[in-house]
Amino acid sequence: MTEPQVWTMIGVFTALMFGMLTIVSTLFIRVVRSEISGIRGEIGGLRAEMNARFETMNLKIDGLDRDVQLLMRREFGIDRE
């Protein structure tokens, strides 16, 4: 091979390597972004579920507080405000 052909082959090889690097890095970034958005969606769902459970517990605690106040009034004749 002559010297211009060698330089042409080096140029073609370099262009192919940069092209492959660009494609691989672009696809990798897309995969990472989609995984992160999926995790964000799951975290949002978990947050909503936890808020619903906390709200349920708050209602149960409010009911328990109401029952204890009723017992206090009935047994001890105390009006706690």
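Does any residue of the range 47-68 turn out to be over 43 Å from the mean Cα position of the chain (by Cα) and of a type in the set (A, V, I, L, M)?
Checked against the condition, which is being over 43 Å from the mean Cα position of the chain (by Cα) and of a type in the set (A, V, I, L, M), the range 47-68 yields no hits at all.
Scan the range 1-56 residue by residue and report those that are part of a helix (DSSP H, G or I) and among the hydroxyl-bearing types (Ser, Thr, Tyr).
Passing the criteria: THR8, THR14, THR22, SER25, THR26, SER34, SER37, THR56.
Looking at GLY77, GLY45, GLY63, which one is at positive phi and modelled with pLDDT under 95?
Result: GLY77 is the single residue among GLY77, GLY45, GLY63 that is at positive phi and modelled with pLDDT under 95.
May I ask you to verify whether PHE28 is among the aromatic types (Phe, Trp, Tyr) and either in contact with a Gly (Cβ under 9 Å, 6 or more places away or on another chain) or modelled with pLDDT under 95 (or both)?
It is false that PHE28 is among the aromatic types (Phe, Trp, Tyr) and either in contact with a Gly (Cβ under 9 Å, 6 or more places away or on another chain) or modelled with pLDDT under 95 (or both).
The values are calculated or read from the model by the stated rules, or taken from the named source; none is laboratory data. Fair warning: this is a prediction, and the values are worked out from it, not measured in the lab. In this analysis, Cβ positions are derived from the backbone assuming ideal geometry, glycine residues included, and neighbour counts consider all displayed protein chains.
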